[in-house]
Amino acid sequence: MKVRWWYGPLVLAAVTRLCHVNILWPEETLPLAAAVEMLNGRRLYRDIWFDKPPLAPAVCLLWGAQAGWPLRLAGALFVLLACWCVWGLARALWGEREGRLAALLTAFFLSFWAPAAVMPLASDLLMLAPHAGAVWLAVKGRPLAAGLVAGLAFQSNPKGLLVLAASFLFAPRAASQLAVGFLAPCVAVAAWLATQGALGDYWREVWCLGATYARNTFLPQPWKVGLARTVNWAGFHLALVLGAAALWRRDRGGAGTKLAVWTLLGLAGVTLGLRFFPRYYFLLLPPLVVAAARGILLMSRRARVAVLAVLLIPLIRFGPRYLTLAADVVAGREHQWRDVAIDRDSRAAAGWLRTHAQPGETLFVWGYRPELYVYTRLPAASRFLESQPLTGVFADRHLFQSDISDERLACVSRRELLNARPIWLVDGLTPLNPHLGMDRYPELRPWLASYHLVAATRLARIYRRTDLPRQAAR
């Protein structure tokens with residue numbers, strides 16, 4: 001394998017991600033905050049409320065759960081890993097040219113797509129590399145290893161079950177070995193959680209709450225929205241759609257058919273929960289880039305040039321933003337971008353806290369603002385790093401709705417919160433949605449009365465406990 005051509009995907013991934021060096025996206029904030037607390041000696045699920053499988057915070061431990069360039073460099077290396085897995089799969093099916101084109105397409109579409117999806121090294125993106133890797137191993141006739149990698153995908157996202165199903169498509173006679181490999185990391189994680197006394201908490205937080213989340217979409221017409229978003233995704237990924245269609249038209253009954261079924265499995269995963277967020281479409285990327293790489297190379301030269309020319313659509317749409325962000329980073333300016341307004345506000349609040357809080361003083365954040373724990377490095381006063389379990393309102397809607405999905409969980413969680421005595425309290429939700437303000441909950445009013453407002457940003461209010469001497473803050 002020649003190494004030189006891999007510089008292209010690596011440089012593209014690194015440069016685009018370093019443009020986001022001063023931004024944290026919502027999907028990556030909670031895994032990072034959970035990892036910070038794990039570094040402080042707290043146990044995931046038991047001491048830290050976390051509603052996803054454990055791989056995302058565990059990965060963040062590799063670079064000390066730091067934001068900034070370590071996070072973005074890790075993201076670039078992960079993109080390179082995904083490119084390598086896709087390259088290996090396409091190469092195993094057809095050859096080196098298909099492998100290289102598949103890898104380059106992967107790097108391109110993991111750079112030029114919705115930033116809130118491609119940038120966060122979080123649950124959905126983390127599943128992409130093992131998704132392609134498991135199928136690659138299945139094609140290579142290594143079903144036990146394929147099952148193991150699919151099991152790792154499952155430890156990132158429950159939709160990892162679809163990775164196991166995709167592996168079975170390419171190794172249908174090795175179902176038992178796939179299953180054994182898949183169960184190995186699942187059993188290992190369960191044993192680790194049991195030794196931590198966190199197995200029951202894991203079940204409640206990931207699976208019970210996850211089931212509630214899946215059946216409670218906030219979209220009033222989910223299928224209509226889903227169709228529109230899928231067409232939108234296909235338009236920006238038109239090169240993949242056209243290339244895959246060319247393969248499916250020519251290769252019926254072979255690998256092309258299996259890739260088509262794999263794509264349908266991915267589409268089924270996109271529809272689960274009826275939310276159709278951009279990050280869900282990562283399930284479609286591995287089968288489509290592999291199919292498209294082969295289909296494009298089967299085309300005539302003129303058709304191939306025409307298909308590759310449509311890459312200009314996402315490049316023109318998403319490319320200029322990188323130039324703007326890079327200019328801001330070089331000039332040391334704050335990003336004036338509506339999409340990162342909350343993150344910019346969190347940085348301002350964290351800057352104030354770093355100036356006035358003493359090391360080791362505890363923090364509690366109301367709202368979905370886990371990045372405050374990452375930016376301040378102040379220890380959390382409770383196991384709730386965000387307020388979804390306290391309000392019963394999921395973060396996908398809590399800025400504009402107050403419909404409760406799990407009232408019992410919220411009541412139990414708020415009673416637990418009363419035992420916490422943080423020194424600092426940041427309310428990052430009430431200014432955005434007063435219907436979910438802390439003072440709306442009768443049991444929290446006496447607790448909240450022991451705090452006084454000391455500072456405010458545009459989207460957050462900072463409180464400090466009233467029973468502490470004023471000179472404790474500097």
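Among the residues of the range 252-303, those identified as touching a residue at least 12 places away in the same chain (Cβ under 8 Å) and either of a type in the set (K, R) or assigned to a loop (DSSP other than H, G, I, E, B) (or both) are K258, L272, G273, L274, R275, F276, F277, R279, R294, M299. The set of residues in the range 358-372 being in a loop (DSSP other than H, G, I, E, B) and not basic (K, R) consists of Q358, P359, G360, E361, T362, G367, Y368, P370. Looking across the range 433-469, the residues that are surrounded by 20 or more Cβ atoms within 10 Å (Cβ to Cβ) and touching a residue at least 40 places away in the same chain (Cβ under 8 Å) come down to L436, M438, L459, A460, I462, R464.
Could you list, in sequence order, all residues of the range 20-66 that are of a type in the set (D, E, K, R), outside any helix (DSSP H, G or I) and within 26 Å of A341 (Cβ to Cβ)?
Taking the range 20-66 first, the residues of a type in the set (D, E, K, R) are 27-28, 37, 42-43, 46-47, 51-52.
When the remaining residues are screened for being outside any helix (DSSP H, G or I), the result is 42-43, 46-47, 51-52.
Correct list: D51, K52.
Can you pull out every residue in the range 373-398 that is of a type in the set (V, I, T) and either under 16 Å from L409 (Cβ atoms) or assigned to a loop (DSSP other than H, G, I, E, B) (or both)? Break it down stepwise before answering.
Residues of the range 373-398 of a type in the set (V, I, T): 374, 376, 391, 393.
Correct list: T391, V393.
What about V59, is it surrounded by 24 or more Cβ atoms within 10 Å (Cβ to Cβ), within 18 Å of the chain's Cα centre (by Cα) and under 28 Å from A146 (Cα atoms)?
Numbers: surrounded by 24 or more Cβ atoms within 10 Å (Cβ to Cβ): no; within 18 Å of the chain's Cα centre (by Cα): yes; under 28 Å from A146 (Cα atoms): yes.
No.
Filtering the range 119-138 to residues that are closer than 23 Å to V11 by Cβ, in a helix (DSSP H, G or I) and touching a residue at least 60 places away in the same chain (Cβ under 8 Å) leaves L125, L126, L128, A132. Could you tell me whether the range 331-339 includes any residue that is surrounded by fewer than 20 Cβ atoms within 10 Å (Cβ to Cβ), modelled with pLDDT under 95, within 22 Å of the chain's Cα centre (by Cα) and not in a loop (DSSP other than H, G, I, E, B)? Yes, that holds for at least one residue. The C-beta contact set for the range 217-242 (first residue within 24 Å of L105 (Cβ to Cβ) and in the same structural domain as R304 (by TED's automatic domain parsing), second residue surrounded by fewer than 18 Cβ atoms within 10 Å (Cβ to Cβ) and among the small types (G, A, S), distance under 8 angstrom, 6+ apart or interchain) comprises V241/A234.
The values are calculated or read from the model by the stated rules, or taken from the named source; none is laboratory data. Note that the structure is a prediction, hence the values are computed from the model and not measured. Positions of Cβ are generated from backbone atoms using ideal geometry, with glycine treated the same way; all protein chains shown enter the neighbour counts.
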